Each structure stands twice: as structure tokens, then as C-alpha cells.
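Data block below; observations after.
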Amino acid sequence: MTDCIFCKIINGEIPSDKVYEDDKILAFNDVDPQSPTHILVIPKEHIESLNHLDENNIDIIKEIYIKIKEIAKEQGLSDRGYRVVTNCGKEGGQTVGHLHFHLLGGRNLQWPPG
Ligand code: AMP
């Protein structure tokens, strides 16, 4: 996906502040953090949004959630608490068309969101 900013981060065209990487998953600090910890966890495979998950690509979600849990622990958030958010589509607030999970923590997060 040549126009995808997150694919460019994955292939190194755009720099990122990496937190974790393996052959299928990349995690990096959000450039515009909304909380003291704000990490984006993404599949390396280009999946546009939650709407584009199906039987063929759903397995990565299991791996991503296990990794999010591990990263949250490394960040000292397991006991404090944290939030995982996936925005989907325009009214959901999605601005980058590559499926991603926001890991937010380090302060009291308001609920309900705005
Ligand atoms: P969303 O609005 O849910 O699509 O989230 C996209 C997120 O990507 C936002 O929180 C942005 O701050 C973040 N973002 C956009 N470009 C970059 C970048 N080059 N490096 C890190 N985070 C980015």
C-alpha cells in the first residue's frame, strides 16, 4: 500500500519511535500522544479497518491483543489500568486507513469518551 502512512512506517520510509517489532506486528509511540503512554499497535499486513477483518486475517487480532497485554505490563500499566481503542471509519474517528490499536494509559481516562 504505497499511500499508507503506517505501511511506510513499517517499511522504514517514515521514521517511528518503535516499542516492539516482530515479523507480523509493530508497536510505536503515537506522534500526538493523548496520555502519558500512547502506543499504536498495528499488524504489518495492510488491513484497512475493523470492517476489513474476516476469516482470512482475523488470527492476527489474537496475537495483537496478547502483545498489547505484554506491552502494557512493560509500561507499568497492568495494575494501574489502561484502555485499548480502535477507531473505525469517519464517525468513529479513524484518520489512518490501516487497522491500529491505541494503547492509552498513565492517567485517569475519562468515560464515556466525547
Ligand atoms: P486514528 O485517528 O484512530 O486513525 O489514529 C491515528 C493515529 O495515528 C493518531 O493518534 C495520530 O496521532 C497517529 N499518527 C499519525 N501519523 C503518525 C506517525 N507518523 N507516527 C506516529 N503516530 C502517527
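Kindly establish whether Gly105 is in contact with a helix residue (DSSP H, G or I) (Cβ under 9 Å, 6 or more places away or on another chain), surrounded by 17 or more Cβ atoms within 10 Å (Cβ to Cβ) and within 18 Å of Ile9 (Cβ to Cβ). No, not satisfied. Close Cβ contacts (under 8 Å, 6 or more residues apart or on different chains) running from residues in segment 89-102 that are under 25 Å from Glu70 (Cα atoms) to residues that are basic (Lys, Arg) comprise His102/Arg83.
Yes/no matrix, rows are residues, columns are (1) away from the ligand (no atom under 11 Å from the Cβ); (2) touching a residue at least 12 places away in the same chain (Cβ under 8 Å); (3) not small (Gly, Ala, Ser):
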{"site": "Thr37", "(1), (2), (3)": "yes, yes, yes"}
{"site": "Leu40", "(1), (2), (3)": "no, yes, yes"}
{"site": "Asn51", "(1), (2), (3)": "yes, yes, yes"}
{"site": "Glu55", "(1), (2), (3)": "yes, no, yes"}
{"site": "Ile71", "(1), (2), (3)": "yes, yes, yes"}
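The numbers here are math on the coordinates, done by the rules we state, and not lab data. Given the structure is predicted, the values throughout are model-derived calculations rather than measurements. Cβ coordinates were reconstructed from backbone atoms using ideal geometry, including for glycine residues, and neighbour counts include every protein chain displayed.
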